[in-house]
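So the structure is just underneath, and the comments pick up after that.
The values are calculated or read from the model by the stated rules, or taken from the named source; none is laboratory data. As the structure is a computational prediction, the values presented were derived from the model and not from experiment. Neighbour counts are summed over all protein chains in view; Cβ atoms, including those assigned to glycine, are modelled from backbone coordinates with ideal geometry. SASA here: full protein model, heavy atoms, side chains in, ligands and nucleic acids out. Shrake-Rupley method; radii C 1.70, N 1.55, O 1.52, S 1.80 Å.
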Amino acid sequence: MTNSENIGALNNLRVIELGTELGAWCGKLLADMGANVIKIEPLSGDKSRTYEPFYQDVNDTENSLFWWHYNTNKQSVTIDIETDHGQKLVQELVAQSDVVLDSYTPGYLDSLGLGYEQLKTQNDSIIFAAVSFFGQNMPYSSYQMTDLTAVAFGGPAWSCGYDDHSIPPVRGGGNQGYQTACHFAMIAIMTALLYRLESGEGQFIDVNMHAALNVTTEGSSYNYLVNGGIVQRQTGRHAGIRPSAGTQIPGPGGRYLQVGFPARTEEQWFSLLAWLEEEGVLDDIGDYLSPPSRQSLAAGDEKTQEQLHLVMNAISKMAAEKDPVELFREAQNRGFQWGIVNTPEDVMEDPHFNARGFVVSVDHPEMDSTFRYPGAPYKFEKGQWSIRRRAPFLGEDNKSVLVGRLNLSESDFKRLSEEGVI
Amino acid sequence: MTISSINQKKALSHIRICDFTGQLAGAGATRVLAAFGAEVIRIEDRLTEGSWDILRGQAPYVDDRVGNELGGAFNNHNIGKLGMSLNMRLPNAKEILTRLIKVSDVVTENFSAGVLDRWGFSYEEMKKIKPDIIYISNSGFGHSGPYSNFKTWGPIVQAVSGLTFQSGLPEMPPAGWGFSYMDHTGGYFMAIAILLAIYHKKITGEGQWVDMSCTDAGASLNGPVILDYTVNGRPLKREGSPNSNRSQHPIMSPHGIYKCQGEDNWIAISVRSDQEWHNLCSVMKNDEWLSNRSLDSKEGRVDSADQIDDVIESWTKGFNARELMDVLQAAGIPSAKVQTPPDRVDQDENTAAWELFPIAEHEEMGKVRVDGVPIKMSQTPPVIEKGAPLLGQHNKYVLEELLGYTSEEVKNFESEGVV
């Protein structure tokens, strides 16, 4: 038994990643936990190398920050997988690997002799995970989709937007559709790995992004499934069967406070009233002394709504005067589950995220630079998450993998390069 | 490759989880593990009848009945788990929990930081009970850092982690997510963390504590935008930004959600290439655009994005979104209706073919459709059959069969209000 604090939990795992940006996040989740992930790129480079934003806004194969983010710790090997020899190289790599991650259009790898059934003959315990928009051989498998159209079709967009329904529904930002599919791919791969440790068996995994989004809609699905209820979108809060009071309160500098349901218990309710009185922002609470209950809110009780409205106005008055971040901290210190609407850049400067080590430094030695990256989604004591190397340059690892691992001779390596196979 | 074989092998049947999770951020994690065969023993508070979980007994309901065992969301999030009730305030409960930890692989919880410590079951104490125990906590801000005592729920996590701000249109307040995206996704990350920690233990023999902060997990989902800030110094908060219906990574135009005929009927359209742009112009029979050289490049279209969007919307308005989607898809243009719940649950052929919303049998609610699993596996497919457990439904199994108490002792626990 070794002490493995600084070696990722997946340190012994070999993964071959084939495909598009749809699967890139899953590859990163594996690689950041220590797996050796080889990204097979076409000779011209993965398409996402052409994605904005670029380092210093200069469009170059090595400058895409999208590429930088989604490919940390991965190795890059360029292979033209549409050539016979290229296919042979992939088969040889798979023979030495644990997992194949495929996010190409369903059927594409099969057509090249690189599908699961074919690769299984090279390695019968391989775990082959295919991530696609609609699943393999499904009715809509041929549809052309992007993150936007998938999030619209799969359900999340229906719940997201503004009270005014003449404004379109909104896609949550950040390519979350792709990332949601990848979370399920990661769950499936880890499950298959655990099963393989017990049984020795590999298997084929089919992850359906459309289905993943359908089951990532919370009440939109379960209200309809349980009794046919249909939720309607509202500004900055949960889509609901019935309209509910607003929860985002603007403060100085256009920063919003998110108060949710401002007080969840009777104790909190009275402590909130006391605080607002203390601040001198609560006009006249009159008869309104009892806390609004979940039941009375759910029933749309008028007096409850009026009472809540009065308190929200008082919070707005207070928020207009105070530093929003300080107010968020004060509210939390007083026991209220309130939030501040941070920008992603706010997060990177926030003392909490920095104290937890969420902000990590990644060396780019060739540029003589170190840049700050978003860090671990979970803190492991042992087998830790880490970024050991920046995203690879195009074909950076051709030699170490093809010569070092596959034992290709120097002359074959040279010949295949000249022939445009690698 | 299609997965058709019915196979009853369960990938995780050798894993037992002592599960204190609740709501969706925690319950969602152990839900998917239960579908793969893990024995998830969900512990609920005997005294307050499970009110640790705010969803227990809450709407929606299948019929006119209302009650603690009839909550629709609770059922959805706790499919296939075993139910155990325990009053942690009583000394005997600590004895029972000690025995349960001894026979479990993993202890999970998503309380605010510190609850298990107060019961006397800090990680250090649990290690004394079982040296290689895996403990996974998922709290709003984690167990370290200045905000570790702060409390959250989904929308707060989304706000603080930068996700809410990213979701909206220019000159408007944040639209946010309209649901607890980070309860779902926090649950996914927690499931991944559990599986990773089990894998690590299988390889090395080491147990550990994984301290998951749901806001860290949320913040990790903003990668390219964060690098644009840290590397290029360009914040997301700037004029005209964010606009999450447009595409920035990569830049595309047109790219948006457009009004169609009828009430709240919308279509999403993305054009990724010059070829798709030409196809769109042809479908729209827009000869002016086809002959406009300045729109032949992505850069030219991005410069004219607002005008292009206006013209597209004046065109889409005349169509039903689903029918227009078929026309555009036939021309190879990425497009999709913004589907309503009935559209995607009951009218969607792909969802039907996948059998995405299976029926689970709940002791009191009866047969209820629930969220399925978007994963198929050739050897160990996920299985959803049984609904959420009733409060304490499996006390007898856990206490007698797993923990070795006599039926006499169990009766005493019941009468003392321990279970």
Fill in the blank from the handout: Residue pairs qualifying under the 7 Å Cβ cut-off, at least six apart or on distinct chains, with the first in region B:43-54 being without any contact (Cβ under 8 Å) to a residue 12 or more places away in the chain and the second being of a type in the set (D, E, K, R), are B:S51/B:D45
Exercise for the section: Tell me which residues, restricted to region B:74-92, are aliphatic (A, V, I, L, M) and open to solvent by less than 30 Å² (accessible area, probe 1.4 Å). Expected result: B:I79, B:M84, B:L86, B:M88
Completion exercise
Of the residues in region B:205-218 that are open to solvent by less than 10 Å² (accessible area, probe 1.4 Å) and more than 19 Å from B:S112 (Cα to Cα), the one that is farthest from the other protein chains (Cβ to nearest Cβ) is B:G207
Practice task
Could you identify the single residue in A:F128, A:F133 that is open to solvent by less than 30 Å² (accessible area, probe 1.4 Å), of a type in the set (A, V, I, L, M, F, W, C) and farther than 17 Å from B:K259 by Cβ?
Solution key: A:F128
Practice task
Only strands (runs of 3 or more DSSP E) wholly contained in region B:326-419 count here; list those with 3 or more residues that are within 30 Å of B:S273 (Cβ to Cβ).
Solution key: B:335-337
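Between A:P392, A:P365, which is more than 10 Å from chain B (Cβ to nearest Cβ), closer than 30 Å to A:L93 by Cα and within 24 Å of the chain's Cα centre (by Cα)?
Of the residues listed, the single one that is more than 10 Å from chain B (Cβ to nearest Cβ), closer than 30 Å to A:L93 by Cα and within 24 Å of the chain's Cα centre (by Cα) is A:P392.
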Problem - Pairs with Cβ under 7 Å, 6+ apart, first in region B:312-328 and in contact (Cβ under 8 Å) with a residue 12 or more places away in the chain, second surrounded by 15 or more Cβ atoms within 10 Å (Cβ to Cβ) and hydroxyl-bearing (S, T, Y) - result: B:I312/B:Y258; B:E313/B:Y258; B:T316/B:Y258; B:L324/B:T316; B:M325/B:S335; B:L328/B:S335
Practice task
Within region A:322-339, identify whether any single residue is over 18 Å from A:L273 (Cα atoms) and under 19 Å from the mean Cα position of the chain (by Cα), and answer yes or no.
Solution key: no
Exercise for the section: Having 1 or more residues that are of a type in the set (S, T, N, Q) is the bar; report the strands (runs of 3 or more DSSP E) wholly within region A:188-291 that clear it. Expected result: A:203-208, A:232-234, A:248-250, A:256-258
Practice task
May I ask you to list pairs of residues, at least six apart or on different chains, whose Cβ atoms are under 9 Å apart, with the first in region B:153-181 being in the same structural domain as B:A27 (by TED's automatic domain parsing) and open to solvent by 10 Å² or more (accessible area, probe 1.4 Å) and the second being outside any loop (DSSP other than H, G, I, E, B) and of a type in the set (K, R)?
Solution key: B:P155/A:R237
Fill in the blank from the handout: Given (1) among the small types (G, A, S); (2) farther than 26 Å from B:P224 by Cβ; (3) free of Cβ contacts under 8 Å to residues at least 40 places away in the same chain; (4) more than 8 Å from chain B (Cβ to nearest Cβ), A:S125 misses just (3)
Problem - A:S166 at pLDDT below 95, surrounded by fewer than 24 Cβ atoms within 10 Å (Cβ to Cβ) and over 18 Å from the mean Cα position of the chain (by Cα) - result: no
Exercise for the section: Return the residue satisfying two criteria in turn: it lies in region A:144-179 and is hydroxyl-bearing (S, T, Y) and within 7 Å of chain B (Cβ to nearest Cβ), and of such residues it is farthest from A:L10 (Cα to Cα). Expected result: A:Y162
Exercise for the section: Give B:I198, B:I251, B:I226 a once-over and let me know the one that is out of contact with any Ser or Thr (no Cβ under 8 Å at 6 or more places or on another chain), facing chain A (nearest Cβ under 7 Å) and closer than 29 Å to B:Q307 by Cα. Expected result: B:I251
Practice task
Filter region A:190-209 down to residues that are open to solvent by less than 10 Å² (accessible area, probe 1.4 Å) and out of contact with any helix residue (DSSP H, G or I) (no Cβ under 7 Å at 6 or more places or on another chain) and give me whichever is nearest to the other protein chains (Cβ to nearest Cβ).
Solution key: A:D206
Handout entry: Residue among A:G19, A:G8 that is buried (at least 16 other Cβ atoms within 10 Å of the Cβ) and either under 20 Å from A:G177 (Cα atoms) or in the same structural domain as A:I127 (by TED's automatic domain parsing) (or both)
Key = A:G19
